[in-house]
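The values are calculated or read from the model by the stated rules, or taken from the named source; none is laboratory data. All figures in this text were calculated on a predicted structure; none of them were measured in a lab. Please note: Cβ atoms are built from the backbone with ideal geometry, for glycine as well, and neighbour counts cover all protein chains shown. Please note that ligands, DNA and RNA were not included when accessible areas were found on the heavy atoms of the full protein model with its side chains. Shrake-Rupley method; radii C 1.70, N 1.55, O 1.52, S 1.80 Å.
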Amino acid sequence: MSPQAGSTPSSEPFSPIRWQDGTLYLLDQTLLPAEETWIRCDTTDLVADAIYRLAVRGAPAIGVAAGYGLVVGLQEEPSGEDLAQRFGAVSAQLRATRPTAVNLAWALDRGQGVFERAQAQDLGPQEVIQRLLKWAEQLHRDDIATNLEIGKNGATLFAEGDRVLTHCNAGTLATAGYGTAIGVIQSSWEEGKVGQVWVDETRPLLQGARLTAWELKRLGIPFRVVTDSSAGALMSRGMVDRIVVGADRIAANGDAANKIGTYTVAVLAHRHDIPFYVAAPLSTIDLGTATGDDIPIEEREAAEITRVLGTTIAPDGADALNLAFDVTPAELITAIITEKGVLKAPFGDSIHRAFESSRKERRLTPRAQES
Ligand code: MRU
């Protein structure tokens, strides 16, 4: 497949991540929708930079990109320093790029397991790298399969003609393909259940106006972009039937971190008695994080707020606080839509059961790539 944007056949979900000619290509999301440019990432520095600058973004997408990033990092110096030392350095560099989305650490931890098992078998460096590549490709395919399940499960919650609001971008661009929240919208749309989507523009980096709108347009789903501050007005006028968003990390009690502004939407939804759904794979649920208070929240440069698309909009020297995410408490979430079904409160219990069912399934169908 050639890395030309728009060249993916419509029967397979478009993916912003490609492994081609022995290296990683990422669609540069900072340039969308004006330009569809692919970045050739053949060094760890390039992969880490792409994740940090949000050229690749969205929790599952950065997990998959980091998985391939481990391969890129080892390929850079396959016969240089001790391979295990090199693996540790590459993994640490990728891990340090973004703190909130747990899928990044999740993928790197799994990659480490694959690496250690391969080393324990005394494989040569090239064989270890091939083992890791196979695993990363499987991670890529699994994410798409997972999202298709999330979409199917989410569609059961929708009713004909629903007007749905979403915040940020939790679509194909934010994953290996198909998306989580947008996957739910697409599945529901295909069943005739979506009348229109309200797309929050999502300040400061405009993932809604630039990316979600780009995706919905490609899919032919009717949408209108609104300012983030329109959400309350739309809800009070009875113009929103349902809300579905993605997540960067969900704590064991169901508190969910997502793009800044999500919490505001959830509070408004509660005030107006509108269902508020979080769509995410189990890999976004971090059982090691007890509550939302324990989720590290990324703080980004002030300039992302004081400058808009290259133009300074605040007075010279104005400082800004740029929190990239906020936490929506579990009590404001109507349901968490996962590949293992629709989870309801009390989330501590339903999350636990979903992981149990996933563990049982894995015991029945072990993955050769991870062994
Ligand atoms: O800063 P971003 O663009 O990486 O933030 C992305 C989001 O907040 C998404 O909603 C989240 O990662 C879910 S993606 C399926």
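Observations
- Whole-angstrom gap from segment 297-371 to segment 250-270, using each part's C-alpha centre: 9 Å
- Net charge of Cβ neighbours under 10 Å - reference Ala251; Lys, Arg +1; Asp, Glu -1: -3
- Isotropic mean projected area of the C-alpha convex hull, the chain (nm²): 18.6 nm²
- Relative contact order for the chain, counting Cα pairs under 8 Å that sit 6 or more residues apart, in percent: 15 percent
- Net charge in the neighbourhood of Thr166 (other residues with Cβ under 13 Å of its Cβ; Lys, Arg +1, Asp, Glu -1) is -2.
- 5 angstrom amide H check on Val225, placed H, neighbours 5+ away: Val199
- In the chain, the DSSP beta bridges split such that about 50 percent are antiparallel, to the nearest 5.
- Antiparallel %, DSSP beta bridges [both residues in segment 150-364], to 5: 40 percent
- The distance from the alpha carbon centre of segment 170-248 to that of segment 12-47 is 23 Å, rounded to a whole number.
- Electrostatic tally near Ala48: other residues with Cβ closer than 11 Å to its Cβ, Lys and Arg +1, Asp and Glu -1, net +1.
- Contact order, relative form, for segment 286-337: 38 percent (alpha carbon pairs under 8 Å, 6 or more residues apart, mean separation divided by residue count).
- Protein accessible area in the chain, 1.4 Å probe - carbon and sulfur %: 50 percent
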